[in-house]
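K.L.:
Questions regarding the structure given below will be posed in turn.
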């Protein structure tokens with residue numbers, strides 16, 4: 001009502017609240033008839049500009065968050081001069097950065113590319129038995145149910161896979177954050193191989209990270225490196241795996 005009054009032409013007897021469109025100036029009539037996104041409607045255009053600025057701001061914030069996560073993961077990696085040691089019996093992941101595992105294809109998947117959690121835990125227990133995680137009890141181990149035994153480490157890491165990928169070897173996340181995204185059971189990236197001295201110093205391929213044995217062996221090596229360096233799961237593995245960083249404890 002007030003808008004119409006303000007736009008109605010003044011007459012000697014005062015402005016009518018019900019002035020007809022034919023009595024309105026042409027510019028006022030155009031503003032009323034224009035849609036909310038029509039250039040003739042300044043308020044509508046201001047609203048559109050505001051919405052566009054908000055959308056751009058949200059995209060920039062998401063990009064910045066992704067870059068910060070990538071930086072944190074990269075800073076957690078050891079230098080090339082200190083490659084990771086063996087991840088277990090039968091592994092060829094030795095000091096010097098040779099191939100990650102001689103066990104490729106040893107851990108089978110079921111329907112939909114998923115592994116059975118019990119099979120995964122048994123495999124991890126075997127691999128951890130030959131790593132420096134065997135007998136290593138982190139300061140916060142009790143919080144995660146880890147007492148230093150291969151079985152407790154394997155149980156913890158198997159639950160971590162449930163959080164990271166839902167036991168799906170074909171899972172891909174963090175697209176646009178890491179080159180090729182995060183892949184497979186433990187959500188590893190191509191460049192983890194070079195960052196942690198694995199796979200002969202060559203980046204992982206998509207097929208390697210989709211192989212549950214290769215993915216699991218690399219995760220054991222990364223877990224070993226970070227946790228034994230920091231002395232705790234939260235301070236070490238929490239630099240790499242998001243659920244741990246966010247407070248998940250199994």
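K.L.:
What relative contact order, as a whole-number percentage, does the range 113-176 give when Cα pairs under 8 Å and 6 or more residues apart are counted? Before the final figure, lay out each step's value.
P.N.:
On the way: 62 pairs, mean separation 25.2, N = 64.
It comes to 39 percent, rounded to a whole number.
K.L.:
Sort 125, 224, 164 so the one with the fewest other Cβ atoms within 10 Å of its own Cβ comes first.
P.N.:
Lowest to highest Cβ neighbour count: 125, 164, 224.
K.L.:
What FRET efficiency would be calculated for the residue pair residue 228, residue 48, taking the C-beta separation as r and a Förster radius of 45 Å, to the nearest 0.05?
P.N.:
0.20
K.L.:
Further question on the same structure: Which value in nm describes the separation of the simple spin-label points at residue 57 and residue 147, placed 7 Å from the Cα toward the beta carbon?
P.N.:
5.3
None of the figures in this text is laboratory data; all of them are computed from the coordinates on show. The structure displayed is predicted, hence computed values, not measured ones. Neighbour counts run over all protein chains shown; Cβ positions are idealised from the backbone, glycine included.
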